[in-house]
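Here is the structure we will look at.
The values are calculated or read from the model by the stated rules, or taken from the named source; none is laboratory data. What you are looking at is a predicted structure, and each value in this text was computed from that prediction instead of being measured. Cβ placement follows ideal geometry from the backbone for every residue including glycine, while neighbour counts extend to all protein chains displayed. Just the protein is used for accessible areas: all its heavy atoms, side chains included, with ligands, DNA and RNA removed. Shrake-Rupley method; radii C 1.70, N 1.55, O 1.52, S 1.80 Å.
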Amino acid sequence: SQPKDLRLPTPGCYADPIKAGIDADAVFDGMTEHLFFSLGKLATTASLRDLYMALSYAVRDRLMTRYLASQEAIRAKPQKTVAYLSAEFLIGPQLNNNLLNLGITKEAEEAVGRFGIESLSHILEVEEEPGLGNGGLGRLAACYMESLASLQVPAIGYGIRYEFGIFNQLIRDGWQVEVTDKWLKGGWPWELPQPDESCFVGFGGRTESYVDEKGKYRSRWIPSEHAIGVPHDIPILGYRVNNCDRLRLWRADATESFDFYAFNIGDYYGAVEEKVASETISKVLYPNDGTDEGRRLRLKQQHFFVSCSLQDMLRSLEKRGIEVEDFSEHWTVQLNDTHPAIAVAELMRLLIDHYHFEWEKAWHITTSSVAYTNHTLLPEALEKWDLDLFSSLLPRHLDLIYEINKRFLQQVRLRYPGNDLILRKLSIIDEDGCKAVRMAHLATIGAHHVNGVAALHSDLIKRQLMPEFAELWPEKFTNITNGVTPRRWVGLANPELSSLLDKEVGKDWITNMELLKKLEQKENDSGFLELFSKTKLSGKRKLAGYIHRQTGVLVDPSSLFDVQVKRIHQYKRQHLNALQVIAQYLRIKNGVDQDIAPRTVIFGGKAAPGYFMAKLMIRFINGIADVVNADPDMDGRLRVVFLPDYNVKLGEQVYSATDLSEQISTAGKEASGTGNMKFAMNGALTIGTLDGANIEIRDRVGSENFFLFGKTESEIVELRENQYDPKTYISNCKELSEALRLVEVGHFSNGDSELFLPLINSLTGSDPFFVMADFADYLRAQDEVNKVWKNPQKWNRMALLNTARSGFFSSDRSIKEYCKSIWKVKPLDVEISCDIN
Ligand code: 475
């Protein structure tokens, strides 16, 4: 049953379907109406927030044509849709992105001007960003959704609408303090609740056997608890196309607002208790980036959003009169890490228990639909669920997993007769120690492809993480190097560079980043290099203003902006950077190397609330900042800043303002990195190790335009095997031992020699991140940075070549690879008739 009032499509109605009907008058009128009717305000008394809401509603209205036409197009012409399952989507602010993709930024600027607002940026600043992710994994999902829409690929992102996203970070006395993220307070204008499409999800209880009408033995699940998933849809508009995909985030509701039995016997609290428990499911995002907590509520969250999403996909087939048998021709299901890996068992359960498919058929459908992306090799991040917990929450799924495992291991037995060791290694059930379900094994067995996120990482998956699986199914394993969307990370984040690029290579670079190669012709054009560096200086001036307002520290925009922004982790080695700062500080103090390049070293990032060492690293950086910034000897030479509450919005300010990008993880530990790509696109030079996508960045921008240091992945393996001894590296490097000594005597902790002891001990003990082993070479590379900085023409040329050659790292390229080699999906043209706009 199609909605009658949607008249679609009448192709070729106007030349520029995007801008038709959206001029400044239309935006202004839309704002005026919403102020009055939706917000109950008069233009004369409207606050900035009111104007933000009014503009957002006015823009949202103008997305609706594309939003509905895109859903209509897939109904009219069924073809495969991508279902991107992710526990996190870190989408960032929406208003500016939608203005850009619609092509009405200027019109909006003019419209808000008529309300007496000097600059659109004042309105953009009001937007609360939904922090529904921890870091790289969630942000990647957001970049991929934007690229999918821009490439006109039908797609739905499925996830959780957390009421509280990643905590807000305050810095108090140098320590991180976590504050609840109330992003929904005051209303968030970009979501459309769709209660009519809610789904039921069960938990707990037991399984039972029964005989069906045909006399066949079957199993079914009798859950003891239920929750309702209410979808909230966020439109994801492609860049200057009619395609508008969707992010469908599920909110958990109670099945009954009150337990009437409990209520009637006077137990008011008891009655509300179950409601509270159900609604807890989507209450808060787990703030751990890279550690698996194994908590019951986390598994509940995973099953909740996966079950809702699969039911939604099946229902959409039924609505369109498509056979469930043809599921894999209409849906390709991508698992963003193992967080949604329960999908393998849940799809089997739905197909077998609800649709009564035979095992083989159901397994064929599942394995032709599902693919899995791995994002980390860190053992502490690999999800394992304790068997007791798993069976108490998902008893039917555990039965199905046993059956999947039994059939799989039988295959392995035939391939490797008498090899019990390999069976233990491959089994979904970990039998060493506490029995547990290994989600990466479930995902790998249930998927038709398993991919890593950078060349080295994909290689290490095969060599280190799952060598037995890779030998069994070599063709299953593949690489798709991550990418980031140039619309947000250059277009929005760096408007001045964007207009320079528009003039120099033409406007199409933003959808075809390879066009930036043309900039190579300008590498010796000093006039152009000057213009290029001016865009950077202007970004640095803005950031300097922000730093002053936020931290009170005055920084010089002409100094070298040296930036490390990312989650705080020992493997990312912010402490390596911090120790290097101490060495520079000592050089200046001791009068060595007086013409050291003036630097502003900027850090930003959140630590998981339970990660003691990461929180101590933040305290350490702030301790150093306090001493350095208070010392008159450092004036004009060295500044250290910790930017609180690093998030997408702040990232947009930082990437355009950076000269030097710090990508200094221990080789083999960072799966890919994506910040490294954002920096390179914006013309920052990288100082980095041969880790993750750094390797590919260096290959593409040229080794002469990259500051390389550190041990390689194989050298790290060797060090580990040969009893790594940090002490020898310390005694061989005077600057290192002096820097450490200064920390030990409490120089950066007001004389407290205890405070940073755990940190020092971790570095001088059996440090799995090999900080001491890389220190001397890091310092050497930093000296190289200083040298090049003193030759601005050279620096600018290197920076330009980074931008020119970073096209490969567009998420458009990554998505095209997924479409071609994993998903087998094609773009879909969405046409709009003139009378519906
Ligand atoms: C990698 N997050 C980056 C990025 O591929 C890579 C883990 C558990 C629970 C919640 N979040 C996580 C991650 O594992 C994560 O963000 N991984 C990152 O994925 C995208 O670029 O190297 O560390």
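For region 471-486, indicate whether the set of residues that are more than 16 Å from the ligand (Cβ to nearest atom), at pLDDT 95 or above, under 30 Å from Lys534 (Cα atoms) and open to solvent by less than 10 Å² (accessible area, probe 1.4 Å) is non-empty.
yes
Which of (1) in contact with a Leu (Cβ under 9 Å, 6 or more places away or on another chain); (2) assigned to a helix (DSSP H, G or I) does Ile234 not meet, given it meets every other one?
The one condition Ile234 does not meet is (2).
Does His457 meet the test of being more than 16 Å from the ligand (Cβ to nearest atom) and closer than 30 Å to Trp363 by Cα?
Values: more than 16 Å from the ligand (Cβ to nearest atom): no; closer than 30 Å to Trp363 by Cα: yes.
No: the conditions fail for His457.
Looking only at region 543-582, count every residue that is within 16 Å of the ligand (Cβ to nearest atom) and within 28 Å of Pro792 (Cα to Cα) and tell me the total. First the steps, then the outcome.
Let us first name the residues in region 543-582 that are within 16 Å of the ligand (Cβ to nearest atom), namely 564-574.
Narrowing further to those that are within 28 Å of Pro792 (Cα to Cα): 564-566, 574.
Number of matching residues: 4.
Does Leu137 count as open to solvent by 10 Å² or more (accessible area, probe 1.4 Å) and within 16 Å of the ligand (Cβ to nearest atom)? Give the steps one after another, and end with the answer.
Details: open to solvent by 10 Å² or more (accessible area, probe 1.4 Å): yes; within 16 Å of the ligand (Cβ to nearest atom): yes.
Criteria met by Leu137.
How many residues are open to solvent by less than 40 Å² (accessible area, probe 1.4 Å) and in a loop (DSSP other than H, G, I, E, B) when one looks only at region 152-181?
9
Residue by residue through region 735-772, note down the ones that are open to solvent by 10 Å² or more (accessible area, probe 1.4 Å) and farther than 23 Å from Trp175 by Cβ.
Glu735, Ser737, Glu738, Arg741, Thr764, Gly765, Ser766, Pro768 - these are the residues of region 735-772 that are open to solvent by 10 Å² or more (accessible area, probe 1.4 Å) and farther than 23 Å from Trp175 by Cβ.
Condition check ((1) of a type in the set (Gly, Ala, Ser); (2) open to solvent by 30 Å² or more (accessible area, probe 1.4 Å); (3) in a helix (DSSP H, G or I)) across all residues:
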{"position": "Val59", "(1), (2), (3)": "no, no, yes"}
{"position": "Gln71", "(1), (2), (3)": "no, yes, yes"}
{"position": "Tyr84", "(1), (2), (3)": "no, no, no"}
{"position": "Pro93", "(1), (2), (3)": "no, no, no"}
{"position": "Tyr144", "(1), (2), (3)": "no, no, yes"}
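Kindly state which helices (runs of 4 or more DSSP H) lie completely within region 737-837 and contain at least 2 residues that are among the basic types (Lys, Arg).
Details: elements: 757-764, 771-789, 792-804, 811-817.
It comes to 771-789, 792-804, 811-817.
Looking at Leu310, is it in contact (Cβ under 8 Å) with a residue 40 or more places away in the chain and in the same structural domain as Glu197 (by TED's automatic domain parsing)? First the steps, then the outcome.
Details: in contact (Cβ under 8 Å) with a residue 40 or more places away in the chain: yes; in the same structural domain as Glu197 (by TED's automatic domain parsing): yes.
Yes.
Exactly one condition in (1) touching a residue at least 24 places away in the same chain (Cβ under 8 Å); (2) assigned to a helix (DSSP H, G or I); (3) more than 22 Å from the chain's Cα centre (by Cα) is not met by Lys300; state its number.
(3)
Given (1) open to solvent by 10 Å² or more (accessible area, probe 1.4 Å); (2) more than 16 Å from the ligand (Cβ to nearest atom); (3) aromatic (Phe, Trp, Tyr), where does Phe620 come up short, assuming only one miss?
Failing condition for Phe620: (1).
Please count how many residues of region 641-662 are touching a Phe, Trp or Tyr at 6+ places or on another chain (Cβ under 8 Å), in a strand (DSSP E or B) and either closer than 25 Å to Met798 by Cβ or within 15 Å of the ligand (Cβ to nearest atom) (or both).
Residues meeting the conditions: 3.
Answer yes or no as to whether Pro189 is in a loop (DSSP other than H, G, I, E, B) and open to solvent by less than 10 Å² (accessible area, probe 1.4 Å). Steps first, answer last, please.
Working: in a loop (DSSP other than H, G, I, E, B): yes; open to solvent by less than 10 Å² (accessible area, probe 1.4 Å): yes.
Here the answer is yes, as Pro189 does meet what is asked.
How about region 348-451: which helices (runs of 4 or more DSSP H) wholly inside it have at least 1 residues that are under 28 Å from Tyr286 (Cα atoms) and within 16 Å of the ligand (Cβ to nearest atom)?
Details: elements: 359-369, 387-393, 395-415, 420-426, 439-446.
Per the criteria, 439-446.
Of the residues that make up region 697-704, is at least one within 16 Å of the ligand (Cβ to nearest atom) and assigned to a loop (DSSP other than H, G, I, E, B)?
no
Only one of these conditions is not met by Pro792: (1) under 33 Å from the mean Cα position of the chain (by Cα); (2) closer than 30 Å to Glu523 by Cα. Which number is it?
(1)
What are the pairs, 6+ residues apart or on separate chains, where a residue within region 106-132 that is in contact (Cβ under 8 Å) with a residue 60 or more places away in the chain has its Cβ under 6 Å from a residue that is aliphatic (A, V, I, L, M) and surrounded by fewer than 19 Cβ atoms within 10 Å (Cβ to Cβ)?
As it stands, the answer is Glu107/Ala24; Glu110/Ala24; Ala111/Ala24; Val126/Leu48, since those pairs meet every condition given.
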